[in-house]
C-alpha cells in the first residue's frame with residue numbers, strides 16, 4: 001500500500017500531506033509530478049492536495065484538471081483506485097467530472113480558516129471505515145471557495161446513494177445553519193462518487209494527524225484507507 | 001486565413017446566489033443608489049481566433065468555451081465572434 005501525492009504548480013498542502021502520511025502515520029508515500037503520464041503500479045491511493053493550483057485562475061481547479069497526469073488519474077479512478085481530493089483537490093475533482101457539483105465562493109465572501117466539526121454520514125466507505133458511527137471529527141478548514149453547490153436532481157441522487165460523507169455540525173453532532181461555515185448545500189463538507197472510491201472534502205485531514213498540531217482526527221481517514229488494503 | 005475577435009460572457013446561472021453581486025449591490029445602496037437591484041457579476045473574456053472563415057472561427061470559440069471557459073454545473077455563456085477590423 002503506497003500513497004501518491006500529486007504536485008500541481010501552486011499546490012501548497014502537498015508537503016503537509018507527505019509529512020502526515022509518511023512521518024506521522026508511517027505509510028509509504030511519494031510525490032507525483034503533474035506532468036507525469038504514468039502512475040506507478042504500487043500506488044494504491046492518490047491524494048490531490050490543497051493549495052492554489054494554477055493560481056486559481058478562471059475557476060478553482062479548472063486548469064489543473066487538464067494537467068497531463070489527470071488523464072491517468074481519471075483512468076485510475078475508473079479501475080476502482082482510491083482518490084482523495086482535499087480542498088483544492090476537491091475543486092479539481094468536481095472540475096474533472098469525477099465528482100458532481102461545484103464549489104462556489106463562501107457566502108460570507110471571506111477566506112475561512114478555523115477548526116470545524118464533522119458528522120460522518122456513511123462509515124461504509126474505504127475512507128471512513130474506522131470512524132465510529134457517532135464520533136464527531138474536529139478538522140480544520142481553510143478556503144474561500146468551499147460553498148458546495150449541486151442541482152436538486154443530483155442532490156437527491158447523492159442522498160439516495162449515501163454519497164454525502166461529511167456534514168458541518170457542532171461538537172454535539174447537530175447540523176444547523178450556524179455550523180455551516182461557507183453556505184454549502186445541506187452543510188456538505190465531503191462527498192464521494194457513486195462507486196465510493198473517489199472522495200472530495202473541503203476540510204484538511206492532513207493537518208490533524210499530529211497531536212502537537214492540535215488534533216489527530218484527520219488520521220482516521222488515512223488509516224481507514226490503509227485498512228482497506230489489509 | 002483571417003483573424004477574428006471572440007468575446008465570451010460567462011455568468012452564474014440564474015437561481016445561484018451571486019454573493020459578490022449582492023455585496024457590491026449593497027455597497028451601492030449605502031452610497032444612495034436605492035434604485036439598483038438584481039446585480040450579478042460575471043466574466044468577460046476576449047481572444048483572437050485565426051480561421052478560414054467566420055463559421056470556423058465561431059466553431060473554435062464555441063469549443064474553447066465548452067471545454068474550459070465555462071462550467072456547465074454553475075454557469076451560462078454568450079459568445080460573439082466578429083472579423084477583426
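The values are calculated or read from the model by the stated rules, or taken from the named source; none is laboratory data. Because the structure is a prediction, the values reported are computed rather than measured. Counting neighbours? That spans all protein chains shown, and the Cβs are built from the backbone with ideal geometry, glycine included.
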Subject >> From B:67, B:29, B:9, B:14, residue being exposed (fewer than 11 other Cβ atoms within 10 Å of the Cβ) and farther than 22 Å from residue A:184 by Cα >> reply: B:67
**OP:** Identify the residue in segment A:76-96 that is touching a residue at least 24 places away in the same chain (Cβ under 8 Å) and farther than 18 Å from residue A:3 by Cβ and, among all such residues, is surrounded by the most Cβ atoms within 10 Å (Cβ to Cβ).
**Re:** A:91
Subject >> Subset of segment A:106-119 [within 17 Å of residue A:191 (Cβ to Cβ) and either free of Cβ contacts under 8 Å to residues at least 40 places away in the same chain or touching a helix residue (DSSP H, G or I) at 6+ places or on another chain (Cβ under 9 Å) (or both)] >> reply: A:116, A:119
Subject >> Complete set of residues in segment A:53-70 that are in contact with a helix residue (DSSP H, G or I) (Cβ under 9 Å, 6 or more places away or on another chain) and surrounded by fewer than 18 Cβ atoms within 10 Å (Cβ to Cβ) >> reply: A:58, A:66
Subject >> Hey, residue B:70 without any contact (Cβ under 8 Å) to a residue 40 or more places away in the chain and on the phi < 0 side of the Ramachandran plot or not >> reply: no
**OP:** Looking for whichever is within 14 Å of another protein chain (Cβ to nearest Cβ) and over 23 Å from residue A:229 (Cα atoms) here; the options are A:8, A:66, A:52. Which one fits?
**Re:** A:66
Original post:
Restricting the search to segment B:19-33, which residues are more than 9 Å from chain A (Cβ to nearest Cβ) and touching a strand residue (DSSP E or B) at 6+ places or on another chain (Cβ under 9 Å)?
Top reply: B:21
Original post:
Looking at (1) within 14 Å of another protein chain (Cβ to nearest Cβ); (2) modelled with pLDDT of 95 or more, can you tell me which one residue A:109 breaks?
Top reply: (2)
Original post:
Within segment A:181-194, which residues are buried (at least 24 other Cβ atoms within 10 Å of the Cβ) and either more than 17 Å from the chain's Cα centre (by Cα) or in a strand (DSSP E or B) (or both)?
Top reply: A:188, A:189, A:190, A:191, A:192
Original post:
Across segment A:136-156, what is the number of residues that are exposed (fewer than 15 other Cβ atoms within 10 Å of the Cβ) and more than 14 Å from chain B (Cβ to nearest Cβ)?
Top reply: 1
Subject >> Among (1) modelled with pLDDT of 95 or more; (2) surrounded by fewer than 16 Cβ atoms within 10 Å (Cβ to Cβ); (3) in a loop (DSSP other than H, G, I, E, B) - the single one residue A:178 does not satisfy >> reply: (3)
Original post:
Just wondering, is there one or more residues in segment A:113-124 that are surrounded by fewer than 16 Cβ atoms within 10 Å (Cβ to Cβ), modelled with pLDDT of 95 or more, under 26 Å from residue B:22 (Cα atoms) and more than 12 Å from chain B (Cβ to nearest Cβ)?
Top reply: yes
**OP:** Would you check if residue A:47 is more than 14 Å from chain B (Cβ to nearest Cβ), surrounded by 24 or more Cβ atoms within 10 Å (Cβ to Cβ) and either touching a strand residue (DSSP E or B) at 6+ places or on another chain (Cβ under 7 Å) or without any contact (Cβ under 8 Å) to a residue 60 or more places away in the chain (or both)?
**Re:** yes
